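Reading through the structure tokens given below for one structure.
The values are calculated or read from the model by the stated rules, or taken from the named source; none is laboratory data. Quantities reported herein were computed from a predicted structural model and do not represent experimental measurements. Glycine gets a Cβ as well: all are built from the backbone with ideal geometry, and neighbour counts include every protein chain shown. Side chains are part of the model used for accessible areas, which takes the heavy atoms of the whole protein and leaves out ligands, DNA and RNA. Shrake-Rupley method; radii C 1.70, N 1.55, O 1.52, S 1.80 Å.
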Amino acid sequence: MWLASRETAARIEAFASLLERWNTRINLVGRGDAAAIRTRHVADSLQVLALMPSGATSAVDLGSGSGLPGVVLAIAGGVHVHLVDRDQRKAAFLREAIRVCDAKATVHVADFLELPPLGADLVLSRATAPLAVLLDAGHRHGRNGAVMLFHKSAAQFPEAEAARARHRFALQRLPSRSDPRGEIWRVSGVSHGA
């Protein structure tokens with residue numbers, strides 16, 4: 001199932017098992033989605049690996065809550081990931097996931113629009129906020145020229161048109177390999193002003 005070394009696959013499996021256990025106590029993925037942690041959620045996160053910019057050394061995951069895709073990327077991607085979430089309970093899960101999986105990551109308990117800039121090469125988010133808000137945060141936390149990868153769906157495309165009222169950007173919509181309704185939006189060249 002995992003396109004990785006045995007060690008990396010074992011660490012990803014440890015993460016998936018931990019996510020299952022914690023999901024019974026706090027809502028990290030939808031209760032109905034718990035059975036799909038490996039086949040959909042983790043697989044959805046792994047597809048980001050092929051889209052990462054070459055030479056990237058750091059990433060920021062906005063609204064990290066469940067660690068998807070941030071923790072998965074920290075395990076399998078060879079980059080340091082800043083996991084940002086304002087919920088203390090979810091931050092506790094993220095810290096435990098980092099410890100158990102020996103992931104290269106830092107947890108920030110904060111609103112991602114108020115956190116001091118992190119200067120990442122890659123900005124990620126999965127089911128967190130409308131595109132205009134993600135672009136504001138991505139502009140804040142991404143280095144000049146940072147690539148942004150957002151898990152969205154075709155039904156959310158009106159967000160892109162609304163975001164163009166505040167930002168200029170290039171958008172590439174890629175079909176998800178794990179969810180027929182899903183897409184990954186690769187955003188680059190972000191600047192403020194229409």
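Observations, loosely collected:
- log10 of Debye I(q)/I(0), alpha-carbon scatterers only, for the stretch 43-143 at 0.09, 0.15, 0.21, 0.24 Å⁻¹: -0.18, -0.51, -1.04, -1.37
- Considering only the Cα atoms of the stretch 143-182, their convex hull presents on average a projected area of 3.4 nm².
- Dividing the summed helix terms, -39500 (n - 2.57) for each DSSP H run of n ≥ 4, by the number of residues in the chain produces a 222 nm estimate of -9000 deg cm²/dmol to the nearest 500.
- Taking 0.36 nm per residue of separation and subtracting the current Cα-Cα distance, fully stretching the chain between Ala92 and Thr106 would add 3.9 nm.
- Each of Val107, Phe15, Leu118 was placed along the dipole of the chain (beta-carbon charges, centred on the mean Cα), and the one lying farthest toward the positive end is Phe15.
- The chain - share of DSSP beta bridges that are antiparallel (%, nearest 5): 40 percent
- 17 Å tail of the calculated P(r), the stretch 48-105, as % of Cα pairs: 28 percent
- Surface composition of the chain: carbon plus sulfur atoms hold 52% of the accessible area, using a 1.4 angstrom probe and ignoring ligands, DNA and RNA.
- At a probe radius of 1.4 angstrom, the accessible area of the chain per residue rounds to 45 square angstrom.
- Between the stretch 142-167 and the stretch 97-127, the alpha-carbon center distance in angstrom: 19 Å
- Relative contact order [Cα under 8 Å, 6+ residues apart], the chain, whole percent: 18 percent
- Shape index of the chain: Rg/Rh, with Rg the Cα radius of gyration and Rh the Kirkwood radius from the inverse mean 1/r over Cα pairs, equals 0.94.
- Karplus-derived 3J(HN,Hα) values for the stretch 147-157, using 6.51 cos²θ - 1.76 cosθ + 1.60 with θ = phi - 60°, are 8, 10, 10, 10, 7, 9, 9, 4, 5, 8, 4 Hz; glycine and proline are entered as x.
- Amide H contacts for Val81 (H built 1.01 Å from N in the peptide plane; partners 5 or more residues away or on another chain; cut-off under 5 Å): Ala59, Ala105, Thr106.
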